[in-house]
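Every number in this text was worked out from the coordinates using simple rules, so none of it is lab data. These numbers come from a predicted model, not from an experiment. FYI the Cβ positions are ideal-geometry reconstructions off the backbone, even for glycines, and counts take in every protein chain you see.
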Amino acid sequence: MLEIKDLTVAIEEKEILHNINLTVPGWEIHALFGPNGSGKTTLLRTIMGFPECKVKSGTIMFKGKDITNAPINLRAEMGLGFSFQRPPTITGVKTRKILEVCSKGKADIESLSEAVNMKDFLDRDINAGFSGGEIKRADLLQLLAQDPEFVLLDEPESGVDIQAMNLIGEMINRLLNKNLELRQRKTLPKSKSAIIITHTGKILDYVLADKGHVIYNGKIICTGNPNEILGTIRKKGYEACKKCLT
């Protein structure tokens, strides 16, 4: 589904990512760990095509096609979706309208929003006056309307209280068709995959990840079982991940 080879990325001439190699097959969810400033968000924004992330070398392949220099809108049309750590407030644009745009008029906005307790927000400006949990739900609702094949989630638990985490987890599982049994998923016309950035690991209590990666100083230094990696980080910190490779 996604294959990154020897990717080096700079922002404002400062190199942030160094020779990143990462492969995410169809139907797999990968968790991305790392300290603040390690390059996690830069990696996701580069995959999505944000223009401030300048690719110095390497390639990004999505569904067998080179998208290294493709614009954001083309990547979205191909099936990439992005969820912000801090989604912006957009005054003058109603939530209903952005959902219609995301779905290209194909989604049943009323039913979709009702299923995730967001129907009362449809005629309000995007994220205006919303709580942290409501902002995350609105952002995920836009992704549900878009129905992408590959989802890039930047800290979905950020700003969300414990009570709202269950609904956020349900929305992500629905987005990735993880709410369906495996035999049902295999009959679907397209697979779903994701990369999820997490600091706390709370989202992994609700969404089952297949593999974990640690980014440290712009490099992937560890790959393995996500829960094992998370346990090591919680007990010994990121330095332990670095030490075990030296």
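3J(HN,Hα) couplings calculated from phi for the range 16-25 with the Karplus curve 6.51 cos²θ - 1.76 cosθ + 1.60 (θ = phi - 60°) are, in sequence order, 9, 10, 10, 6, 6, 10, 7, 10, 10, x Hz; Gly and Pro show x.
Our note on the geometry: Cα centres of the range 189-246 and the range 4-30, 15 Å apart. Percent of Cα pairs in the range 1-150 per distance bin of 10 Å, from zero to the largest separation: 10, 35, 32, 20, 2. The packing ranking of peptides 145-154, 113-122, 213-222, 11-20, highest mean first, is 145-154, 213-222, 113-122, 11-20, where packing means the average number of other beta carbon atoms within 10 angstrom of each residue. If you take every DSSP beta bridge whose two residues both sit in the chain, what share of them, in percent to the nearest 5, is antiparallel? Antiparallel bridges make up about 60 percent of those DSSP assigns within the chain.
Within the shell of other residues whose beta carbon sits under 12 angstrom from the beta carbon of residue 14, the net charge comes to -2, with Lys and Arg scored +1 and Asp and Glu -1. Working ranking of peptides 72-78, 93-99 by packing, defined as the average number of other Cβ atoms within 10 Å per residue, highest first, is 93-99, 72-78.
The residue 21 and residue 161 beta-carbon pair, evaluated with R₀ = 35 Å, returns a calculated FRET efficiency of approximately 0.45.
Rounded to the nearest Hz, the phi-derived 3J(HN,Hα) couplings of the range 111-117 under the Karplus curve 6.51 cos²θ - 1.76 cosθ + 1.60 (θ = phi - 60°) are 5, 5, 5, 5, 5, 10, 6, where x marks glycine and proline. For the chain, set up a GNM with springs between Cα atoms under 10 Å and report which of 198, 91, 187 has the largest fluctuation. Per the Cα network of the chain with a 10 Å cutoff, 187 tops the list. Report relative contact order for the chain in percent, whole number only (criteria: Cα-Cα under 8 Å, sequence separation at least 6). It rounds to 26 percent for the chain.
Given their separation in residues at 0.36 nm each and the Cα-Cα distance between them, residue 119 and residue 65 gain 15.7 nm when the chain is fully extended.
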